[in-house]
Amino acid sequence: MSGRWVEVAGGGYARRYAELDQTIGLVVGAERCLVIDTGTDETHGAELATAVRELTPLPWTLVITHAHFDHYFGTAAFLPAPVWAHERCAAALRADAEADRRTWMARYVEQGTPELAERLGTARLVLPTELFSDLVELDLGGRTVTLLHPGLGHTDHDVVVHVPDAAVVFAGDLVEQGAPPSIGPDTVLDHWPSTLDTMLALEPRIVVPGHGAPVTPEFVRAQRDELSERAAHNA
Ligand SMILES: [Zn+2]
């Protein structure tokens, strides 16, 4: 498990992993840094924590974009730390984390990577310590970032991170590059396009997806149109 950093804009980074084509975010302020998602298991989390330390010695705050296993099972590697999430994320974790773990362990065994199944099997579930419903501002020292829930979409509790001074939004799985947006049983498809409009109203120059490479607002608009078509087809 090893990733590589891509600098997105001043003090904003994306760490790219081959596994699941996953992308994790980092925003560095003058006093604190914010780590956006924590990876698939504690080994992944530890690799990520070490990689963050290559860029900054500052204390970290964590945000979990949503309750899908690859976004939170690395959290224990960062403790102690404040862990932010949407208020419905905590409930989703309590309800679904163990089933999510079993599903993916079985999938890893099937695809011939039992070591990933084993690591997922031993990862501790860490619940968020700080919850919000619509929006919260975090002062990282010299720069403020906003965590916000732009609406229903990939799940009912997706959080995006807006870094206004860099015109960057970390979108979690509301945006996906390199593969179609992931529609699951917890997706609210008919709301997803307008949720992306709310996100685009922040006027980012760069949007960092939860999987794939950073994209432009034009890319997000095309994905929104694709989701609108899917929603109309399903209606
Ligand atoms: Zn997801």
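The values are calculated or read from the model by the stated rules, or taken from the named source; none is laboratory data. The structure displayed is predicted, hence computed values, not measured ones. Cβ sites come from the backbone with ideal geometry, for glycine too, and all protein chains shown count toward neighbours. The area values use the complete protein model at the heavy-atom level, side chains included, leaving out ligands, DNA and RNA. Shrake-Rupley method; radii C 1.70, N 1.55, O 1.52, S 1.80 Å.
Convert 4 °C to kelvin, take the viscosity as 1.567 mPa s, use the Kirkwood radius over C-alpha pairs of the range 138-182 as Rh, and evaluate the Stokes-Einstein diffusion coefficient in µm²/s, rounded to a whole number. In µm²/s, the coefficient is 112.
For the range 43-106, the convex hull spanned by the alpha carbon atoms encloses 83 Å³ per residue. Taking the square roots of five times each eigenvalue of the Cα gyration tensor of the range 1-47, the equivalent ellipsoid has semi-axes of 19, 13, 7 Å, listed largest first.
Local charge for LEU34 was computed over the other residues whose Cβ lies under 15 Å away, with Lys and Arg +1 and Asp and Glu -1, and equals -2. Radius of gyration over Kirkwood radius for the range 33-77, both on Cα atoms: the Rg/Rh ratio is 0.95.
Each of the trypsin sites (Lys or Arg not before Pro) that DSSP puts in a loop and that has at most 15 other Cβ atoms within 10 Å breaks the chain; the longest unbroken stretch is 1-123.
In the range 1-141, Cα pairs under 8 Å separated by at least six residues give a relative contact order of 22 percent. Accessible surface for the range 32-78, divided over its residues, is 23 Å² per residue with a 1.4 Å probe. Computed over the alpha-carbon pairs of the range 185-235, the distance histogram in 5 Å steps reads 5, 20, 27, 26, 16, 6, 1 percent, short to long.
With the alpha-carbon atoms of the chain aligned to their principal axes, the span from lowest to highest coordinate is 45, 41, 29 Å, starting with the largest. For the range 119-145 versus the range 8-74, the inter-centroid distance based on Cα atoms is 11 Å. When only the Cβ of Lys, Arg, Asp and Glu is charged (+1, +1, -1, -1), the dipole of the chain relative to its Cα centre reaches about 380 debye. DSSP finds beta bridges in the range 55-178, and of those with both partners inside it, around 70 percent are antiparallel. With kT/(6 pi eta Rh) evaluated at 20 °C and eta = 1.002 mPa s, and Rh the Kirkwood radius from Cα pairs, the range 7-92 diffuses with a coefficient of 167 µm²/s according to Stokes-Einstein.
Annotation: Cα Rg of the range 50-154 relative to the compact-globule expectation 2.2 N^0.38 Å equals 1.20. Taking the inverse of the mean reciprocal distance over all distinct Cα pairs, the Kirkwood hydrodynamic radius of the range 107-201 comes to 15.7 Å.
Inter-label distance, SER194 to VAL109: 4.4 nm, where each label sits 7 Å from its Cα along the C-beta direction.
Our estimate of slack between HIS233 and ALA213, defined as 0.36 nm per intervening residue step minus the Cα-Cα distance, is 4.4 nm.
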